[in-house]
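Chemist: The structure is given below, and queries will be raised subsequently.
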Amino acid sequence: MQTHYDAIIIGAGPAGLTAGIYMSRSKAGVLLVDSGIPGGQTILTHEIANYPGIESTSGYMLANTMKKQAEKFGCVVKSNVIVQKLELQGETKSITLSNGETYTSKAIILATGGRSKTIGVQGEDQFKGRGISYCATCDGDFFQDREIMVVGGGNSALEEAVSLTKYASKVTIIHMLDHWQAFEHAVEEMEANPKIDYILQSRIVEFRGEESLNEVVIENMKDNSTYTRKIDGVFVFIGYEANTDFLHQSPVELNARKEIVVNADMQTNLEGVFAAGDALQKKYRQVTTAVADGTIAALSALDYIHRK
Ligand SMILES: Cc1cc2nc3c(=O)[nH]c(=O)nc-3n(C[C@H](O)[C@H](O)[C@H](O)COP(=O)(O)OP(=O)(O)OC[C@H]3O[C@@H](n4cnc5c(N)ncnc54)[C@H](O)[C@@H]3O)c2cc1C
């Protein structure tokens, strides 16, 4: 069994898969590991309509094609393995996985992306999967002809609210601020949808129910008053956290939000350690930006390996 590679990529979302394609195509030996299944956040979305050259595709289709492309060039992809030990300093890097296997490499690319934020209020844990969801594609279908709420005011919230009107009879968006934090076209599409209404400067402060969610307590943030509202489901789209928990005790530089800090070549503060995608300190997080980062990280890692 091969245990030494030119590069190990941690995370098989669009950033990691792109890095895998570029490096393997350049004949580098590459191991790509993921704690789940390849595709990352893309597999949570029913439609990607802004990836240049592809008018419309599902996230799953796009990611699966990227995976096949990487494997065609020789990239070894391992799914459902958790990195338990990580040695990033020195010329030879190493990782030990949850299945006990240890692999070494000359370079490492960190591409572990991010995850949905939770609201963190009473009842949220209790009703997760029983009325509260973080994925419209996965759970929208359960709310056929039901009334639901969407929490958030960014692009994801507005776009997913529109997509949820395929199922729900009514979608109410609840947002803490008095303005949207989304692209104009996303706001226009949301406002044009007759099934959607919204409540601004308000937030959910409690989820209530029995077997499943049936009521939320809403705080009007203008006057701090609260009221209850019957609801069949709530979808939460309030941003993300970088998946960098496994780096918190490592020497990799993270910012205050625990995002990875890189230079323009996607190099971290450690020699031979690169990073790409949504796990980075950056403003815009899209498939296109993730694949761009993945490309740069791969080319920088190849350059590093050739110089060694
Ligand atoms: C609901 C939703 C809809 C979206 N719609 C669009 C859209 O229409 N267009 C668009 O351009 N973008 C969209 N995005 C954003 C886009 O999906 C992300 O920007 C993109 O997937 C980021 O890619 P990434 O590879 O950096 O990270 P991710 O996609 O997050 O992938 C990271 C991968 O790393 C793995 N991982 C995490 N931690 C570890 C670990 N410790 N060890 C091993 N593996 C690990 C994860 O399992 C995951 O597979 C959407 C996102 C969401 C949530």
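The values are calculated or read from the model by the stated rules, or taken from the named source; none is laboratory data. Only a predicted model underlies this, so the values are computations on that prediction, with no experimental measurement involved. Every residue, glycine among them, receives a Cβ derived from its backbone with ideal geometry; neighbour counts consider all protein chains shown.
Chemist: Which ones in the range 63-80 are within 10 Å of the ligand (Cβ to nearest atom) and either of a type in the set (Asp, Glu) or surrounded by 13 or more Cβ atoms within 10 Å (Cβ to Cβ) (or both)?
Modeler: Ala63, Met66, Lys78, Ser79
So that you can scan it fast, the table gives a plain yes or no per residue for (1) in a helix (DSSP H, G or I); (2) closer than 22 Å to Gln41 by Cβ:
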{"position": "Thr118", "(1), (2)": "no, yes"}
{"position": "Asp145", "(1), (2)": "no, no"}
{"position": "Val150", "(1), (2)": "no, yes"}
{"position": "Ser156", "(1), (2)": "yes, yes"}
{"position": "His179", "(1), (2)": "no, no"}
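Chemist: Considering each residue of the range 255-287, count those that are in a loop (DSSP other than H, G, I, E, B), in contact with a Leu (Cβ under 9 Å, 6 or more places away or on another chain) and either β-branched (Val, Ile, Thr) or at pLDDT below 95 (or both), and give that number.
Modeler: The number of residues fulfilling the criteria is 3.
Chemist: Exactly one of these conditions fails for Pro251: (1) touching a residue at least 60 places away in the same chain (Cβ under 8 Å); (2) surrounded by 17 or more Cβ atoms within 10 Å (Cβ to Cβ). Give me its number.
Modeler: Failed condition: (2).
Chemist: Could you tell me which numbered condition Lys27 fails, if it satisfies all but one of (1) more than 9 Å from the ligand (Cβ to nearest atom); (2) part of a helix (DSSP H, G or I)?
Modeler: Unmet condition: (2).
Chemist: Within the group Thr112, Thr118, which residue is β-branched (Val, Ile, Thr) and either more than 19 Å from the chain's Cα centre (by Cα) or surrounded by fewer than 16 Cβ atoms within 10 Å (Cβ to Cβ) (or both)?
Modeler: Result of the check over Thr112, Thr118: Thr118.
Chemist: Would you check if Lys170 is in the same structural domain as Ser35 (by TED's automatic domain parsing) and over 26 Å from Gly39 (Cβ atoms)?
Modeler: Answer is no for this residue.
Chemist: Hey, another quick one. Filtering the range 32-62 down to residues that are in a helix (DSSP H, G or I) and among the hydrophobic types (A, V, I, L, M, F, W, C), which residue is nearest to the ligand (Cβ to nearest atom)?
Modeler: Only one residue fits best here, namely Leu44.
Chemist: Of Lys222, Lys195, which residue is among the basic types (Lys, Arg), touching a residue at least 24 places away in the same chain (Cβ under 8 Å) and not assigned by TED's automatic domain parsing to the domain that holds Gly294?
Modeler: Result of the check over Lys222, Lys195: Lys195.
Chemist: Of all residues being more than 27 Å from Phe127 (Cα to Cα) and not in a strand (DSSP E or B) in the range 237-254, which is nearest to the ligand (Cβ to nearest atom)? Just the residue, please.
Modeler: Applying the filter and picking the extreme gives Phe246.
Chemist: When you go through (1) over 25 Å from Glu160 (Cβ atoms); (2) part of a strand (DSSP E or B); (3) within 16 Å of the ligand (Cβ to nearest atom); (4) among the β-branched types (Val, Ile, Thr) one by one for Val234, which number turns out not to apply?
Modeler: Against the list (1) over 25 Å from Glu160 (Cβ atoms); (2) part of a strand (DSSP E or B); (3) within 16 Å of the ligand (Cβ to nearest atom); (4) among the β-branched types (Val, Ile, Thr), Val234 comes up short only on (1).
Chemist: Answer yes or no: is there a residue in the range 120-134 that is within 15 Å of the ligand (Cβ to nearest atom) and not β-branched (Val, Ile, Thr).
Modeler: Within the range 120-134 (the criterion being within 15 Å of the ligand (Cβ to nearest atom) and not β-branched (Val, Ile, Thr)), the answer is yes, since at least one residue qualifies.
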